[in-house]
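In what follows, a single structure is set out as structure tokens and then discussed.
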Amino acid sequence: MKLISEYYSLSRRIVMLLAFACGLIILAGMVLLLFYWLLPFDQEHIAEVERDSATELLDCEGGLLAWRVDAHDNWRVPVKLQDISPWVIKSIVAAEDQRFWEHRGIDPYALARAVEQNIRHGRRVSGASTISMQTMRLLLPAKRDWVAKFCEACRALKSEAIWGKDKILELYLNLAPYGGNVIGIEAAARHYFNKSARELTLGEAALLSGIPQSPSRFNPRRHLANALKRREYVFKRLEETGMASRAAIVAATKERIHLQQVKANNRVPRFADYVIQLCKDKGGIVQTTIDPRLQAVTESVVMRRYPELTQANIDGLAVVVINARDSKVQAMIGNANPDNPVFGWVNGATAKRQPGSLLKPFIYCSAYERGMLTPDAVVYDVPSIWREYHPENIDHDYLGAISAKEALRTSRNIPAVRILEQLGIEYFADKLSKMGLRTEGAVGDYSLSLALGTSEMSLLNLVNAYATLARGGKYLPLRVTTEILSNKCVQVFTPQAAWLTIESLPGDQARTLTWKTGTSWNNRDAWAICISPHYVVGVWCGNFSGRGNNRLVGAKAALPIALELADAIKPKEKIFWNRPQGVGTRSVCALSGAIPGINCKHIVKAQYIPGVSSEAVCRLHITEKEVASKQVKINWPTKVAAYMAQGHCAYSATSKSSPKILSPIAEATYLMFNSKTEQESRLDLTSLAIGSAKIAYFIDGEYVGSEASGKALEWKMIPGYHTLVAATENKSVHTTFVVREVPE
């Protein structure tokens, strides 16, 4: 009876324990379910972690150019699961979570085994973390304790329900640590074997799959023996689970482990910085438009030419080559000396500097487009003043009446400023803006000095603006990656005006090249841009500090480099620009470039745009009778041309045959009293000239009359700063003076 009573009591205790255990399991399940629904699962944060990646730049053929770590100084390059070797997937599952494809985020068998092992050893031996739980820990790091483990389990269950196995495994392989700052399988494959994760063999995959368990202890670069021992464990698990055959494992064991360091073309660091800045919100693998052949040729030319500049105390050289057809940047050297401790970080291709004469072709193109000029029309290179602005030619000499194309080819300043004045500054600034050239920084904001390049611009944007001319006036945004970020296309100039401008530039038809040089104020920057139907090559030389140097002249410092590079990269097949429809040929006066009048003796053929170009008749060859009878209205350029030898008088202040101005005295100030008689408010203009019947006088560009040598011509004074030109049939000279009004 006593035995029955004891048996009953024991049975009752067992039932109570089972009931308690079931209740505890049910309670734990309810708590787990509650946490499953209530535990935060910040998918925005997770998406941000996914986006946070290093950047690898490839050239257009897939070669590695450069890389940059992510915001946390980690090298992580995201990769899709389908772009990872199957051996990697099998190895990581075999090593970390054999029942990954069977459980739903938590593995009960592994959990039970971990509890038994931890109790038996009296310490934590196994944590029973599944790949899903580890992925949650990598996405949302927390303190390593049982509370964190419980939260990981809840999130693992939730992630399996939301994402599925493939997404979780992809995230794990992209976030797992592989030693140092190497994160993710793609970065690990490149770091240890200089190949992509897709190309990993079984032996390589097994070696890498053993690293995440202890990234420092199993780092093959530091502890190769430990890494190989861990690989043997991975091989064993692969064979036990049937994920790899014995024969495959034996073959993989015999593979030679040849660790390689990934190499990149570090000679394009400034280009890399520029592209990464543009793609800062993307990261990952970015394929650029850099052509490795053109880049190599560009580097070769730069390495050969740069020492010549350094010997002349010039530290800055930048080169850009873009495709003339689609504006792809195919070669770029932002800084020829990126290791310079002071200025090595500066990108000369994107830095804004004064372009000097590089904007002049766009001024002439605008004038051609509006019908104001044709390449053979006469423009006037004579001393001129606009209010307080008094530009001069770089050689301090003047050519008088010359054709527009000659003025552009010789880069005369005065004609460019005068044409800009006629165009309108805001109109021209809008043209520049449409080509990506901003005009901020010009002296006096929008001023006529814009014609001489006082507004700072970058080499990269200037080269693309010249590509607009090469494409017949069609602007395309610069492209530095194979991804098309913008399809924006703007017809800035007509094809006819663009073609006439290219024809007006200096060049070499045998090389199918035209070019333009520029020199900024005080010799701070030297520029050259070469245009061909294939490529546009731009070169900037200067000092990054802004210090001037007499060697910094576009034609001397930059043009030889640009021409050498243009010759080196030109294709074997020569292609010339085709003359577009809408460009015609007509007879013009050889001197004025206008439609011949009855008095024009020399007639030539010249190009123009029918229906657009001016139909004005030549006014250079008019009779004194026509002038006297006022049948023909003439302005100052027409008058000055009449006193030039066949319209081609050269202006010079140093020539012995030039007139000598006696009055007014150079830089003198003359007072004008309002209370005096009109006669006393006049100023005598007097000059001496050898062998000339008359001397013509022009003040501030306006013809005021002519008088014999040594005789005075009276001029009614006007307050202000003035420029006086005295011209004979052969030569001319100019001076400046001031008239100040004195009140009564």
**Request:** Would you mind checking which residues have amide H under 5 Å from Trp67's amide H? H placed 1.01 Å from N; only 5 or more apart, or other chain.
**Result:** Leu57
**Item:** Full-stretch length increase - Glu741, Gln260 - with 0.36 nm per residue and alpha-carbon distance subtracted
**Value:** 164.9 nm
**Asked** Given the pairs Lys431/Lys572; Lys352/Lys570; Lys352/Lys405; Lys711/Lys731, which span a C-alpha to C-alpha distance of over 30 angstrom in this model?
**Response** Lys431/Lys572
**Item:** Ser214/Asp339 FRET efficiency (R0 30 Å; Cβ-Cβ; nearest 0.05)
**Value:** 0.20
**Request:** For the range 420-429, just list the computed ³J(HN,Hα) in residue order, Karplus coefficients 6.51, -1.76 and 1.60, θ = phi - 60°, integers in Hz, with x standing in for Gly and Pro.
**Result:** 4, 4, 6, 5, x, 5, 5, 4, 5, 4
**Complete:** Extension length gain for Asp326 and His396 (0.36 nm per residue less Cα distance), in nm, is 21.2 nm
**Request:** Take the alpha carbon atoms of the range 421-435, find their center, do the same for the range 552-601, and report the distance between the two centers in whole angstrom.
**Result:** 23
**Message:** With a cap of 13 neighbouring Cβ atoms within 10 Å, and only residues DSSP puts in a loop, list the GluC sites (Glu not before Pro) found in the range 453-537.
**Reply:** Glu483
**Message:** What is the sum of charges, Lys and Arg at +1 and Asp and Glu at -1, for the other residues whose Cβ falls under 12 Å from the Cβ of Val604?
**Reply:** +2
**Request:** Highest first, please rank the peptides 583-596, 86-99 by the mean number of other Cβ atoms sitting within 10 Å of their residues.
**Result:** 86-99, 583-596
**Fill in**
Long-range amide H partners of Gly284, meaning residues 5 or more apart or on another chain whose placed amide H is closer than 5 Å, are Ser53, Ala54, Thr55, Glu56
**Request:** Provide the FRET efficiency to the nearest 0.05 for the Arg586-Lys488 pair, computing r from the beta carbons and using R0 = 35 Å.
**Result:** 0.45
**Request:** Report, by chain and number, residues whose modeled amide H sits under 5 Å from the one on Val379, excluding near sequence neighbours (fewer than 5 apart, same chain).
**Result:** Ile402, Ser403, Ala404
**Prompt:** Any idea how far apart Glu667 and Glu199 come out in nm if each label point goes 7 Å out from Cα toward Cβ?
**Reply:** 7.1
**Prompt:** Once you put a point 7 Å from the Cα of Glu426 and another 7 Å from the Cα of Ser300, both along the Cβ direction, what distance in nm separates them?
**Reply:** 5.2
**Request:** Quickly work out the Lys716-to-Glu308 label distance, labels modelled 7 Å from Cα along the C-beta direction, and quote it in nm with one decimal.
**Result:** 5.9
**Complete:** Farthest towards the positive end of the dipole of the range 530-586, among Asn550, Tyr535, Ala566 and with Cβ unit charges of +1 on Lys and Arg and -1 on Asp and Glu, lies the Cα of Asn550
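Bear in mind these aren't lab numbers, they're just calculated from the coordinates by the rules spelled out. Not measured: the values here are computed from a predicted model. When we count neighbours, we look across all protein chains shown, and the Cβ atoms used for this are built from the backbone with ideal geometry, even at glycine.
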